[in-house]
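**Student:** Next up is a structure, given as structure tokens.
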Amino acid sequence: MFKSYGSALPQSLSRGLVGATKQTPTPFIQFVRGKRTKKYDLSPAAQKLITQLSVLSASRKQPKMLKLCPEDIVKHNTVQEAYKLITRKRKKAENEKLKQQYESMKLACEDLAKVSPELFEAANKREISKRFSLELRVPTNYPPNVPWYYDYTPESPEDKK
């Protein structure tokens, strides 16, 4: 793994010099990495050919069909249908919840417009300079990592000028 060139170096350096004194240089060690091989390794050309063929045939690979007896097929289909039914119910419940949230937001906006039109206009005023305000947070099903930005201060109109 490690080769030492300390003894071979002085002979090669002093070969062409006549009357030169031999100096004993300090030996140095160089790391030599061996080739990684497997016990039953293929030649590089054969390995390249196998890789190319496996890449070309990868698109045609299909999962094997399960060989099930009729009872197992009935069980499998029953489980699949039950799972579809459960996921369908979950999606329907989530959509209903989102519809209710939207309707309550719509009613709140209508109530605000009836009670105080000035506040309604101020709440819905579009700022030309910003596409997405910092207050706007996309509704998600999961809470944010940082729940609140405490150091936020909105820019005043004088700062923009």
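The values are calculated or read from the model by the stated rules, or taken from the named source; none is laboratory data. Remember, it's a predicted structure, so these values are computed and weren't measured experimentally. Glycine gets a Cβ as well: all are built from the backbone with ideal geometry, and neighbour counts include every protein chain shown.
**Student:** What number of residues within segment 84-126 satisfy the criterion of being in a loop (DSSP other than H, G, I, E, B) and loosely packed, with under 10 Cβ neighbours inside 10 Å?
**Tutor:** Residues that pass the stated criteria total 2.
**Student:** A further question on this structure: Are any residues in segment 53-78 in a helix (DSSP H, G or I), surrounded by fewer than 10 Cβ atoms within 10 Å (Cβ to Cβ) and not small (Gly, Ala, Ser), and if so, which ones?
**Tutor:** Matches in segment 53-78: 55, 56, 60, 70, 71.
**Student:** Whether any residue in segment 132-154 is at pLDDT below 90 and touching a helix residue (DSSP H, G or I) at 6+ places or on another chain (Cβ under 9 Å) is what I want to check. First the steps, then the outcome.
**Tutor:** Start the filter on segment 132-154 by keeping residues that are at pLDDT below 90, which leaves 132-154.
Within this subset, residues satisfying the condition of being touching a helix residue (DSSP H, G or I) at 6+ places or on another chain (Cβ under 9 Å) are 139, 141.
Within segment 132-154, one or more residues are at pLDDT below 90 and touching a helix residue (DSSP H, G or I) at 6+ places or on another chain (Cβ under 9 Å).
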